[in-house]
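Presented below is the structure to which this report refers.
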Amino acid sequence: MPSKPAILPSILSADFGAAKPDILDALAHCRASKVGGDVIHVDVMDGHLVPNISFGPPVIAKLRAALPAIFFDVHLMIDEPVRYAEAHRKAGADNITFHVEAPEVRSDVIGACKAIRATGAQVGITLKPGTPIDRVMPALEHVDLVLVMSVEPGFGGQKFMADQLAKCRTIKPLLRPNQVLEIDGGINADTIGQARAAGVDWFVVGSALFDANDRHAASSAMASAIL
Ligand code: DX5
Ligand code: ZN
């Protein structure tokens, strides 16, 4: 998995009436700013683990067919990530990130990592802002990616929670060079530099890229804050 700094467009904020050109445009701006361009972030929500519903494997499979060379970083905000891991892998997920709060996995987080890896996907682990970082520690050696949520998961366009950066500073020194530290929520040109300073490699960006009036200006301002 690539670990140099990258911005991952979060397609939750894409125009799903014209998904392929909109996502390709966002990726092209990241590539032009030399911060990513090969990876998208895909948010799956079930209305139980988080208070919103997005989309699932059938939609991801269509996106996979439209974007065959792009790495799909899939963030499962669902109660049963193991039950649905294979379906997401088959739909095109390259990495599958699950929440330690998910009822299905919270008593056996390492077992969940192994079950997801058995699908052939890479494995990510994440936690909500109110969950202590200790909850991911026992599973660190079993994951490819640790995602720190810097908003309450469920919606794009929320305010960055700077207090979550302490988790990044704790985790980063414990990761191997090939393990990725990712942050998700409220990342924009004003907040991305703090996250980089806390050790983050991958920056999920939804509204600050897709909703920008000038995507070139948005991506280059974020790039200049982290490169
Ligand atoms: C929130 C999602 C995010 C969301 C981020 O639950 O996990 O990926 O798209 O959106 P912004 O960048 O607008 O905070
Ligand atoms: Zn996400």
Chain lengthening between Glu80 and His216 when straightened (0.36 nm per residue, less Cα-Cα): 45.1 nm
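Charges at C-beta only: +1 for Lys and Arg, -1 for Asp and Glu. How large is the resulting dipole of the chain about its Cα centre, in Debye rounded to 20?
Working: 21 positive and 25 negative charges, 106 e Å.
The dipole of the chain has a size of about 500 debye.
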Over the stretch 158-227, volume per residue of the alpha carbon convex hull, in Å³: 81
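Kindly give the semi-axes, whole Å and largest first, of the ellipsoid equivalent to the stretch 26-65, taking each as the square root of 5 times a Cα gyration tensor eigenvalue.
On the way: eigenvalues 138, 37, 7 Å².
Gyration-tensor ellipsoid for the stretch 26-65: 26, 14, 6 Å.
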With DNA, RNA and ligands ignored, accessible area of Leu49 (1.4 Å probe; Å², nearest 10): 10
Modelled FRET efficiency - R0 30 Å, Ile53 with Thr170, Cβ distances, 0.05 increments: 0.40
Helix-only CD estimate at 222 nm, as mean residue ellipticity for the chain, using -39500 (n - 2.57) per DSSP H run (n ≥ 4): -8500 deg cm²/dmol
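Would you work out the Kirkwood radius for the stretch 1-133? I mean one over the mean of 1/r across all pairs of different Cα atoms, in Å. Walk me through the intermediate numbers first.
Details: mean 1/r = 0.0658 Å⁻¹.
After inverting the mean inverse Cα-Cα distance, the result is 15.2 Å.
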Förster radius 22 Å - calculated FRET efficiency between Lys62 and Asp15 (Cβ-Cβ, nearest 0.05): 0.90
Filtered trypsin sites (Lys or Arg not before Pro), the stretch 1-62: DSSP coil and at most 15 other beta carbons within 10 Å: Lys34
Inter-label distance for Lys4 and Asp108, nm, one decimal - labels placed 7 Å from Cα along Cα-to-Cβ: 4.1
Computed over the stretch 67-217, Cα set: Rg, Dmax in Å: 15.0, 45
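Antiparallel DSSP bridges in the chain: what percent, to the nearest 5?
Numbers: 1 of 35 bridges.
So the antiparallel bridges amount to about 5 percent of the total.
Quick check on the stretch 2-73: what does the Kirkwood estimate of hydrodynamic radius come out to from the alpha carbon pairs, in Å?
Details: mean 1/r = 0.0779 Å⁻¹.
Final number for the Kirkwood radius of the stretch 2-73 is 12.8 Å.
The values are calculated or read from the model by the stated rules, or taken from the named source; none is laboratory data. Computed from a predicted model, the values in this text were never measured in an experiment. Cβ sites come from the backbone with ideal geometry, for glycine too, and all protein chains shown count toward neighbours. Ligands, DNA and RNA are excluded from the accessible area calculation, which covers all protein heavy atoms including side chains. Shrake-Rupley method; radii C 1.70, N 1.55, O 1.52, S 1.80 Å.
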